[in-house]
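Peer 1: Sharing a structure, written as structure tokens. Questions coming.
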Amino acid sequence: MGEFALGQPVSRFEDPRLLRGGGRYVDDMVLPRMAFGHVLRSPHAHARIRSIDVTAAKAAPGVLAVLTGADWEASGWGDLPSPSGLRLRDGSPSFRPRFPALVRDRVRWVGDYVAFVVALTKDQAADAAELIAVDYEPLPAIVSTADAVEPGAPLVWEGSPGNVAFFHPEGDAAATDAAFADAAHVVKRRFVINRVTAAAMEPRGAIADYNPAEDRWTIYTTLQRTHGYRAELARQVLKVPESRVRVVAGDIGGSFGMKSAIYNEVALVLLGSKMVGRPVKWTSTRSEAFLGDAQARDNVTEAELALDPGGTFLGLRVKTIAAVGAYPQAGSNAFVANLGTLAGVYRTPAVRAEVTAVYTNTNPVRAYRGNGRPEAAYVIERMVDEAAAELGIDPIELRRRNTIPPEAMPFKSGLTFTYDCGEFAKNLDMALRLADASGFENRRAESRSRGKLRGIGLSNTIERAAAGGFEAAEIRFDRGGTVSLVSGSITQGQGHETVYKQLLCDRLGIHPGQVHYIQGDTDKVANGEGTGGSRSAALGGSAVYLATEKIVAKATAIAAHLLGAEAGEVNFADGLFTAARSNRALTIGEIATESFNPPNLPDDMEPGLIAGATFTSKQQNFPNGCHICELEIDADTGEVEILRYSVVDDVGTVMNPLLLEGQICGGIVQGVGQVLMEDIRFDPASGQLLTGSFMDYAMPRAGDLSAIECDSNPVPTKTNPLGVKGAGEAGNVGALPAVANALVDALSPLGIRHIEMPATPERIWRALRCAGG
């Protein structure tokens, strides 16, 4: 099956179904007697709830139930999952606030959950919610991450003095301090990495169906994992055995980490379904998504880079204040595991990073494509350009002097990670050729002749992927020789079905049309961890690979028995089993059919050609790559036009170059969006969300980018049998610093050394006016 083998640019098998309207998203699902839910959200960033009167709402047409914080408390269910074991600077345990599905006495962000209405129609539920009378006592709010730790700032939680949620250090402080003491040069810069939101194509949704006869719960929702989700939901919220909970995910239109949490609405539709005796459905509107979805990034960082007289990096010191929002969602602290990205591809011997996470009266903050890696890559790559400017060294040359050579692998970085393989200098060289960097100065001069400012910026970054955990897969041949492929991974548009089917074609010689792909249902999939952190190719793909090995081993034994040969004499290639002493050839489909006929099987062999496998990741892998962005700025308006974007990535073995390019380009677009336009803003006085729709929150479109030229420098990793490294977040990791460095390069002739994100036309225009441009 060469045309479908690994390494071939196979178009996604999922797409024809989706393009013809055959997708099955949560909002497409309709259950008998289904009712609808609506959330009443707080209009205040911080307020005490004096009273709630639901009398009129309960009497409204079609209303089946109105739930408040008192009803949630009376249910006896547990709060939503939140991280535990976090510490303060002195090592003492940090305050862990409760996270109820509905608040009872106080709201802590505009969008907080006050009440939940269940009615016969969606409009009836929304109308009834407007009849709920809530008496609020507004309180002072804090929405600024930097100001949250200032003396006198309003407290989000009385149990968290200074609004500190937790403190997390990494690296050798003493060694780093010593490096700075010996440095000839110390470069400093403050960075503000602004808040953004995932803005997934499909908003969140959930349908709960409680079966009282079986005392069993089914939840259909948007997520990234099913089995772990079920475990948390059953144990922590519902307080029932996992076997009494079924979690189902249909098609999911994007997530980027945002949908991986158990949200309040999931708990509310479950409680509502039990109370009204019907399935209950809730679907977010786009405006509601801005109020209710977890958001991302929102860091303020002070960074220092120490260098010797020749420009060799001696030490890096980084102190970050990171917002977690009003409540700490489960996994909201996971970004600290990616601080190692700060070390980059450089030999810097000593690195120290300190993160102070703070509460603010804003949406919770959680993982978003890259989850700490893009922020860290932005800091180190901007610092390299800062140092190059300060020391008068070409930024490419400064990188070359400090880049880890391939012969140094495995290399223990100055912070956390041990890289197993990579050719970082080669990535740089390839990208420079791809971008025609040698001809840039001529192009800059041409732009100058038209009154435009042209800049080129690069980033040479590395990140962690597939860190820890396991993934499971199962291959089930039926009596007709066709296959069901069952995967624990959950796709949100990445193309898992295509790549996993390619693996079967490559390994078993079967046509993809013979394979039925199953995912996302805890009643159908025995085990799995799900998707996140660029793990699906490395872990999920390896699980499929191991399952094919088991299938081939059993099928070979059956073939030997049928061909009258020893197992060692049987050859398997292109889906055919042959043996030198036999003139017969058996397809794997024929073997599958015979596997259900016990008389034709070796003694003591179980019928059926079915095999499951679990791959456990014992070591993370490290995707890396070089991005080069070339852009032009209109000095009169501040408008930015990206003219050229070139990227060379090392994601190990390339399973499908077409899908890889899609992943890389998608990540780049999200990175460009954050650098140039995306920005969640709150009014500092009232805490009100100012960017509550796509009229206010700018999203990148095709016209905002140039064509993206992609190339690969694959250095297979030995951390998994396929040699693959994660690719899902690589584009985002490299894009933030590459575009930011290009902007500064364009503005540098006017003495501008830095511009914060998002670099909107207004912000650039003001910087130019201040610089006298």
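Peer 1: Hey, could you grab the Kirkwood Rh for region 1-126? Inverse mean 1/r over distinct alpha carbon pairs, Å, one decimal.
Peer 2: Computed over region 1-126, the radius equals 19.0 Å.
Peer 1: Additional query: A65's amide H: which non-local residues (gap 5+, or another chain) put their own amide H closer than 5 Å, with H modeled 1.01 Å from N in plane and none for Pro or chain starts?
Peer 2: V118
Peer 1: Report, in whole Å, the centroid distance computed from the Cα atoms of region 202-228 and region 234-272.
Peer 2: 5 Å
Peer 1: Please report the net charge: other residues with Cβ closer than 11 Å to the Cβ of E390, K and R +1, D and E -1.
Peer 2: That sum, taken over residues with Cβ under 11 Å, equals +1.
Peer 1: Search the structure for amide H atoms under 5 Å from the amide H of R216, placed 1.01 Å from N in the peptide plane, and list their residues when 5 or more places away or on another chain.
Peer 2: The answer is N211.
Peer 1: Have a look at the DSSP beta bridges in the chain and tell me what percent are antiparallel, nearest 5.
Peer 2: If I count the DSSP bridges inside the chain, around 80 percent turn out antiparallel.
Peer 1: Please state the relative contact order of the chain as a whole percent: Cα pairs under 8 Å, 6+ residues apart?
Peer 2: Once divided by the residue count of the chain, the mean separation gives 16 percent.
Peer 1: Moving on. Suppose we keep just the alpha-carbon trace of region 493-652; what are its Rg and Dmax in angstrom?
Peer 2: Gyration radius and largest Cα-Cα distance of region 493-652: 23.1, 84 Å.
Peer 1: Now for a different question. If you project the alpha carbons of region 179-312 onto their three principal axes, what span does each projection cover, largest first, in Å?
Peer 2: For region 179-312, the Cα extents along the three principal axes come out at 76, 33, 23 Å.
Peer 1: Of the listed pairs K239/K274; K274/K524; K58/K122; K122/K281; K188/K319, which have alpha-carbon separations greater than 18 Å here?
Peer 2: Too far apart for the 18 Å limit: K274/K524.
Peer 1: What aspartates and glutamates sit close enough to K550 to cross-link, taking a C-alpha to C-alpha distance under 14 Å and skipping anything fewer than 8 places away on the same chain?
Peer 2: E474, E606
Peer 1: If Lys and Arg each add +1 and Asp and Glu each add -1, what is the summed charge of the other residues whose beta carbon sits under 11 Å from the beta carbon of R278?
Peer 2: Net charge in that neighbourhood comes out at +2.
Peer 1: Given the chain, what whole percent of its Cα pairs are spread farther than 45 Å?
Peer 2: Counting every Cα pair in the chain, those more than 45 Å apart make up 28 percent.
Peer 1: Restricting to region 260-362, what percent of DSSP beta bridges are antiparallel, rounded to 5?
Peer 2: 45 percent
Peer 1: Also, quick follow-up: Using a 1.4 Å probe, what is the accessible area per residue for the chain, in Å²?
Peer 2: Ligands and nucleic acids excluded, the result is 37 Å² per residue.
Peer 1: Moving to a separate point now. Would you mind estimating how fast region 549-601 diffuses translationally, via Stokes-Einstein at 4 °C and 1.567 mPa s with the Kirkwood radius over Cα pairs, in µm²/s?
Peer 2: 121 µm²/s
Peer 1: Which residues among region 505-546 fall inside the zone where the amide N is under 20 Å from a point 7 Å beyond the Cα of S243, along Cα→Cβ?
Peer 2: 521-528
Peer 1: Also: Which longest run of the chain has no exposed loop site in it, a site being GluC sites (Glu not before Pro) in a DSSP loop with at most 16 other beta carbons within 10 Å, and the site itself not part of the run?
Peer 2: Within the chain, the longest run free of exposed GluC sites (Glu not before Pro) spans 215-565.
Peer 1: If you don't mind, there's one more thing I want to ask. Is it possible to state the helix-based mean residue ellipticity at 222 nm for the chain, with each DSSP H run of 4+ residues giving -39500 (n - 2.57), the sum divided by total residues, to the nearest 500 deg cm²/dmol? What is it?
Peer 2: -8000 deg cm²/dmol
Peer 1: In whole angstrom, how long is each semi-axis of the equivalent ellipsoid of region 587-706, when you take the square root of 5 times every eigenvalue of its Cα gyration tensor and sort them from largest down?
Peer 2: Over the Cα atoms of region 587-706, the semi-axes work out to 53, 22, 15 Å.
Peer 1: How large is the Rg to Rh ratio of region 481-572 when both quantities use alpha carbon positions and Rh follows Kirkwood?
Peer 2: A ratio of 1.04.
Peer 1: Alpha carbon centre of region 84-107 versus region 286-335: separation in Å?
Peer 2: Using only Cα atoms to place each centre, the spacing works out to 20 Å.
Peer 1: Work out the FRET efficiency for E302 and S748 from their Cβ-Cβ distance, taking R0 = 22 Å, and round it to the nearest 0.05.
Peer 2: 0.50
Peer 1: For region 357-435, which whole-number percentage of the solvent-accessible area (1.4 Å probe, protein heavy atoms only) is attributable to carbon and sulfur atoms?
Peer 2: Roughly 53 percent, rounded to a whole number.
Peer 1: Would you please give the FRET efficiency between Q688 and A56, computed as 1/(1 + (r/R0)^6) with r the Cβ-Cβ distance and R0 = 25 Å, to the nearest 0.05?
Peer 2: Calculated transfer efficiency: 0.45.
The values are calculated or read from the model by the stated rules, or taken from the named source; none is laboratory data. From a predicted model like this one, the values you see are computed outputs, not experimental measurements. Positions of Cβ are backbone-derived with ideal geometry, glycine not excepted, and every protein chain shown enters the neighbour counts. For the accessible areas, the whole protein counts, side chains as well, though only heavy atoms, and no ligand, DNA or RNA atoms are used. Shrake-Rupley method; radii C 1.70, N 1.55, O 1.52, S 1.80 Å.
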